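Coordinate-derived values only; no laboratory data. Computed from a prediction, not measured in an experiment: that's the story for all the values here. Don't worry about glycine lacking a Cβ; one is built from the backbone with ideal geometry, like all the others, and counts go over all protein chains shown.
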Amino acid sequence: MNWLALALYGAAAPAALFVDITTSSGISWHHSNGQSPDRYLVESTTGGAGFLDFDNDGLLDIFLVNGQGAQPVQCALYRNLGSGKFADVAHVAGIAEMPFYGMGIAAADYDNDGFTDFYVSGYPAGALFHNNGNGTFTNVTATAGVQNEGEWGASAAWFDYDRDGRLDLFVANYVQFSYSDKKHCLFGTQPTYCAQTEYQGSVSRLFHNNGDGTFSDVTASAGLATLVGRGLGVVAVDADGDGWPDLFVARDASPNLLLLNQHNGTFRDAGLEKEIAYNADGVARSGMGVDAGDLNGDGLPDFVVTNFDHEYHALYLSNPGGVYKEATVSSGLARLTRSYVGWGVKFVDFDNDGALDLLIANGHLHEQINMSNREVNYREPILLLKNDGTGRFRRVEIPGSPILGRGLATGDFDNDGFVDAVVMNLNDRPVLLHNSAASGGQSWLGIKLQGTRSNRDAIGARLTLRASNGSTTRWIVGGGSFLSSNDRRVVFGLGSAREVGVLEILWPDQMKQTVSNLKLNSYTTITEPAGDGGK
Amino acid sequence: MLGYFQTKLQLNRDAVRSYSRALQLDPASSEASVGLGTAQFSAGLEDESIRTLEKGLAQFPEDATHYQALGVVLLRVSEAGRDTKARARSMFERALRIDNTLPEAHYELGAMALQASDIRSAEDHLLAAERSAPNDRRTHFALARMYRMQGKPEAADQEMKAFLSAK
């Protein structure tokens, strides 16, 4: 670059990494929470989004979960038409209406037939939709036995906890709620949502996939029935590196759970001993969303949890054999998030420089909150926090007005290798953010895994990219974020690198595979080889 | 009293007005001064809060609760990125020189020491906090963490039981 070019480059305003393309994309659907004068708590937390390729055309589509309204409301399934355009096909697909108050979505190919199915959580039930492979879905909830009857289901995660090659379902249940049990709370003189502590917590549910289209509720036998609390977010990942998928459950004013897989169909909560259950003052924060990613480069997942304003969104760094180190203050997250109520959250390397960044949906519950604290507002910004490569974050502005953020899903809908996002906005249109960093010229490697003995979506796989300057570990996690479902593909940001290293894949059944000669700046599909795996 | 209840109800800006009025009516009330500084912080008025408490310190130089309240504000502000942690520590230490039984000051110094893995100092302060306020859940939680760090699982379990049973 010559001096003139350098001067011009330096003088130019930095281009925004994300551009709001909601209007031009054709997405006009509105979310509705049916806000009532009684301010039912269920109205305050709804709104999930999912990226899924339901028609296998290679383009990610978008499913948007609605709450409820005075008139019947509908969910949306936006089919990706290419060129940044979407069209709602929910009616044709047979999934526009939910017979309950909708919350979130968890998409996965639970029957390994090659088509992505999905579960919708809600109150007072949930629903499982089987993809018929012809653009339509069938509600198979009753046959499958995953109604979650009477519960307020929040985030859900598909994962194969017993490594039998079939995806099981975990549903984080929130509180014991009923429309008939009216609670009236005021903020000053105005009606507002009562605190979550006015409601008893629930038991989250684990459904084992029997492989014949049915599921068994194994909550009790898995050791989860006594873990009563207000579950909202969940991510499934091998937290301790023993080859078995574990669960991190973010709970609201209940201690977070770290459910370690005991390899025999049961789980043990290690949240307290690993110091992720409470903050340093012994306070159970308002955990909403959660995600996992290797921020400190030790090959084990670290966790981010979104919380209420002035609790800070929390960052827990792994420490093999020891307790997690809370890096909320040292990473800058405390400073950057203290005024916000956080919900959806994802670790993604949005600019493909090799370091995981954070995208966080925020939005308050109380319309009058600014009467209490000058620094806190009802509508809040979507936060893009860029990692400087050492685990410290700084905020990068996203153009647009503050919103009432809830669910947040990430996915590369235009297959350019730079991950995009959709953020739910309570009682409003969602925000579709196109990642425009591709023009920056950073290199990347995209991987799509297809299991054969393992579950077809390869949820639970660990991918390690080894290069001359170090290694990078990523996982195909179950769940993650809040009420939302994300692109299963893994994108490694390679910065200015012009060569790909060697990719080591640890499949969910523990078979190891090494792949080299991968093509830069494109997606490669890798199918699990035949063999007896790690069994 | 009105300001106290407004703070409890998170009507922080109303509490600021009530404490300001109380201080106008009785400028010699150290309680109203501390209440105003605390309410200002909760209302997002950080700089005003620090100024109020510093002014109170000048007016009530022997009032330990002013030092303690300013220490808490400076500590919270430091978490949000300002370089006030050392001064917060100094405020807690000065509060304890006036009144060595203040549980909040002992707890905060103990928690800061624990964070810095200074186990000896943490133990001194946390045990002092426990003596002054035996039912404070935070202290039991911090002591449990400290005993785990020391490799004393039985003592940690005992403190954790106290933490879980305390309201």
List the cysteines of chain A that have no other Cys Cβ closer than 4.7 Å: which are they? A:C75
If you take the beta carbon distance between A:S221 and A:D388 as r and set R0 to 60 Å, what does 1/(1 + (r/R0)^6) give as a FRET efficiency, to the nearest 0.05? 0.85
Spelling it out for A:L52: with amide H atoms placed in the peptide plane at 1.01 Å from N, the residues 5 or more places away or on another chain with amide H under 5 Å from its amide H are A:D61, A:I62, A:F63
Which whole-Hz couplings ³J(HN,Hα) result when phi for each residue of segment A:47-57 is put into the Karplus expression 6.51 cos²θ - 1.76 cosθ + 1.60, θ = phi - 60°, listed in order with x for Gly and Pro? x, x, 9, x, 9, 8, 9, 6, 10, 6, 9
The exposure ranking of A:L259, A:L59, A:L383, fewest beta-carbon neighbours within 10 Å first, is A:L59, A:L383, A:L259
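Of A:L227, A:L384, how do they rank once you tally other Cβ atoms within 10 Å and put the fewest first?
Exposure proxy ranking, most exposed first: A:L227, A:L384.
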Under unit Cβ charges (Lys, Arg +1; Asp, Glu -1), what dipole magnitude, rounded to 20 debye, does segment A:277-355 have relative to its Cα centre? 260 debye
Considering the options A:A125, A:G145, A:Y78, tell which one lies farthest towards the positive end of the dipole of segment A:27-161, charges being +1 on Lys and Arg and -1 on Asp and Glu at the Cβ, about the Cα centre. A:Y78
Amide proton proximity set for A:N173, modelled H, under 5 Å, gap of 5+: A:A154, A:S204, A:R205, A:G231
For peptide A:328-337, compute the average count of partner chain beta-carbon atoms within 10 Å of each residue's beta-carbon. 2
Where a ≥ b ≥ c are root eigenvalues of the Cα gyration tensor, a/c under 1.5 meaning rounded, otherwise prolate if a/b exceeds b/c and oblate otherwise, segment A:96-255 counts as oblate
Label-reachable residues, segment A:19-58, where backbone N falls under 13 Å from a point 7 Å from A:L81's Cα toward its Cβ: A:24-28
Rounded to the nearest 0.05, what FRET efficiency do A:R395 and B:S121 give with R0 = 35 Å and r taken as the Cβ-Cβ distance? Could you check? 0.50
How many angstrom lie between the C-alpha centres of segment A:151-182 and segment B:76-96? 43 Å
Once you put a point 7 Å from the Cα of A:D181 and another 7 Å from the Cα of A:A70, both along the Cβ direction, what distance in nm separates them? 2.8 nm
Extension reserve of the B:D26-B:D47 stretch, reckoned as 0.36 nm per residue once the Cα distance is removed: 5.3 nm
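Between A:Y378 and A:S36, what is 0.36 nm times their sequence separation minus the Cα-Cα distance? Round to one decimal in nm. Don't skip to the end; give the middle numbers.
Working: separation 342, 0.36 × 342 = 123.12 nm, distance 1.77 nm.
Roughly 121.4 nm would be gained on extension.
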Just to check I understand the Karplus step: with θ = phi - 60° and J = 6.51 cos²θ - 1.76 cosθ + 1.60, what whole-Hz values come out for segment A:209-224, glycine and proline as x? 7, 7, x, 10, x, 10, 10, 10, 6, 10, 3, 5, 5, 7, x, 9
State, to one decimal in nm, how far the label point of A:A195 lies from the label point of B:R97, with both points 7 Å from Cα in the Cβ direction. 3.7 nm
Leading residue at positive end of dipole, the protein assembly as shown (Cβ point charges), from A:S401, A:L465, A:G241: A:S401
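Would you work out if segment B:1-125 is rounded, prolate or oblate? Take a ≥ b ≥ c from the square roots of the eigenvalues of the alpha-carbon gyration tensor; rounded if a/c is under 1.5, else prolate when a/b is larger than b/c, oblate otherwise.
It comes out prolate by the Cα gyration axes.
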Computed magnitude of the charge dipole of chain A (debye, nearest 20; Cβ of K, R +1, Cβ of D, E -1): 820 debye
Listed by chain and number, the residues whose amide H is under 5 Å from that of A:S254, excluding neighbours fewer than 5 places away on the same chain and using placed H, are A:R230, A:G287
Over chain B, the sum of -39500 (n - 2.57) across DSSP H runs of at least four, divided by residue number and rounded to 500 deg cm²/dmol, gives at 222 nm -25000 deg cm²/dmol
Assuming a ≥ b ≥ c are the square roots of the Cα gyration tensor eigenvalues, decide whether chain A counts as rounded (a/c under 1.5), prolate (otherwise, with a/b larger than b/c) or oblate. rounded
Excluding residues fewer than 8 positions from B:K85 in its own chain, the lysines with Cα under 26 Å of it are A:K325, A:K386, B:K55
Could you give me the ³J(HN,Hα) list for segment B:56-68, computed from phi with Karplus coefficients 6.51, -1.76, 1.60 and θ = phi - 60°, whole Hz, x at Gly and Pro? x, 4, 5, 7, 10, x, 9, 9, 4, 5, 5, 4, 5
I need the calculated FRET efficiency for the pair A:S330 and B:A58, taking r as the beta carbon distance and R₀ as 45 Å, to the nearest 0.05. 0.85
Roughly speaking, what is the stretch gain from A:R429 to A:V19, that is 0.36 nm per residue apart minus the C-alpha to C-alpha distance, in nm to one decimal? 146.1 nm
Arranged by the count of other C-beta atoms within 10 angstrom, fewest first, what order do A:V345, A:V140, A:V171 take? A:V140, A:V171, A:V345
Would you list, by chain and number, the lysines whose Cα falls below 30 Å from the Cα of A:K183, excluding same-chain residues fewer than 8 positions away? B:K8, B:K167
In nm, the gap between the two label points placed 7 Å beyond Cα toward Cβ at A:N469 and A:Q368 is 5.5 nm
